[in-house]
Amino acid sequence: IDGNLTLEAAPGHTPGSSVLTLRSRTDRAVFVGDMLHSPVQVLEPSWNSCFCDDPVLAARTRSTYLSRAAEMRELVIPAHWPGRGAAEVRRDGDGFALTAWADLPRR
């Protein structure tokens with residue numbers, strides 16, 4: 001879209017799934033939409049929801065974006081997590097961990 005806001009394909013969940021990445025100086029956030037239905041999918045990226053169109057591709061895409069979020073220190077903002085609105089993700093051995101929650105205002 002521009003140098004601070006990018007839209008990328010995120011195949012596997014449903015046709016046309018995408019993520020939106022926002023960059024602002026040193027801060028970064030990735031809006032993952034339906035890619036993550038539950039925080040447990042950060043710990044177990046291979047676990048799919050019943051809505052995944054292509055479960056193998058959905059799990060691969062989820063792992064790819066979680067890897068990038070951990071490496072680039074992007075705040076992960078999903079569409080459907082209950083309670084808190086976003087989280088920081090870090091590498092934990094071969095997997096991932098949630099390291100901090102960010103409360104986003106709900107209206």
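Points to keep in mind about this one:
- None of ALA58, ALA69, ALA102 is within 24 Å of ARG23 (Cβ to Cβ) and modelled with pLDDT of 95 or more except ALA69.
- Any chance ALA100 is loosely packed, with under 15 Cβ neighbours inside 10 Å, in contact with an Asp or Glu (Cβ under 7 Å, 6 or more places away or on another chain) and within 23 Å of ALA9 (Cα to Cα): no
- Residues that are surrounded by 10 or more Cβ atoms within 10 Å (Cβ to Cβ) and in a loop (DSSP other than H, G, I, E, B) were ranked within segment 1-15; the one that is nearest to the chain's Cα centre (by Cα) is ALA10.
- Residues satisfying the stated conditions in segment 48-69, i.e. surrounded by 15 or more Cβ atoms within 10 Å (Cβ to Cβ) and either touching a Cys at 6+ places or on another chain (Cβ under 7 Å) or part of a loop (DSSP other than H, G, I, E, B) (or both): ASN48, SER49, CYS52, ASP54, ALA58
- Within segment 24-47, the set of residues being part of a loop (DSSP other than H, G, I, E, B) and under 23 Å from MET72 (Cβ atoms) comprises ARG25, THR26, ASP34, MET35, LEU36, HIS37, SER38, PRO39, GLU44, PRO45, SER46.
- Residue in segment 19-46 that is farthest from the chain's Cα centre (by Cα), counting only those that are surrounded by fewer than 16 Cβ atoms within 10 Å (Cβ to Cβ) and either of a type in the set (A, V, I, L, M) or more than 20 Å from TRP101 (Cα to Cα) (or both): ARG25
The values are calculated or read from the model by the stated rules, or taken from the named source; none is laboratory data. As the structure is a prediction and not an experimental result, all values here were calculated from the model. Backbone-built Cβ (ideal geometry, glycine too); neighbour counts: all protein chains shown.
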